[in-house]
Structure formats: C-alpha cells, structure tokens
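> First, the structure itself, so that you have it in front of you.
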Amino acid sequence: MELLSLLATVILVATIGTLLVAVAAYMAFRLRDRRKPSNKLKAPAPRQPVHYQPIFITRYKPGVMPKP
C-alpha cells in the first residue's frame, strides 16, 4: 500500500469515527434532556450564614477604598 492511500484511509477512518462519536453524544444529550427532573434539582442552593467572611478574598465595593 502506498503512503498516500494509507494516509487517505487514516483520514477517512478518523472522520467516520468523529461523526459516530458526535451522533452518540447528541443522542445521549437528547436522552438526558427527556429525563424527568428530580426533586433534588428543584431545591434552592443553601445560603451561607450571615457572619461568613471570606478568608483570602476582599469584596470589591465601587467607590470605597479598601483598607490597607
């Protein structure tokens, strides 16, 4: 087999493989989209306590100079 035909075969197989993976991913996405949502997803996210202060991050407030 010549080099050119070998490279063409590799490109063809890679293209077909990519298309098959794309179709499978799309089908998995559609199946996941049809699934009935569970109650866990409907619950609100837990809020942080009022006294919570971040350790390493200072909150940016426009117009207020940060303390040195």
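> What spacing in nm lies between the two simple spin-label points modelled at residue 4 and residue 29, each 7 Å away from Cα in the Cβ direction?
The two pseudo-label positions are separated by 3.8 nm.
> Now a separate question. Counting Lys +1, Arg +1, Asp -1, Glu -1, what net charge surrounds residue 26 among other residues with beta carbon under 14 Å of its beta carbon?
Counting the neighbours of residue 26, the net charge comes to +2.
> Sticking with the crude label model, points 7 Å out along Cα→Cβ, report the distance from residue 58 to residue 21 in nm, one decimal please.
Distance between label points: 4.7 nm.
Taken together, the values in this text are just the output of simple stated rules run on the coordinates, not laboratory data. This is a predicted model, so every value here is computed, not measured. So basically every Cβ, Gly included, is an ideal-geometry build from the backbone, and we count neighbours across all protein chains shown.
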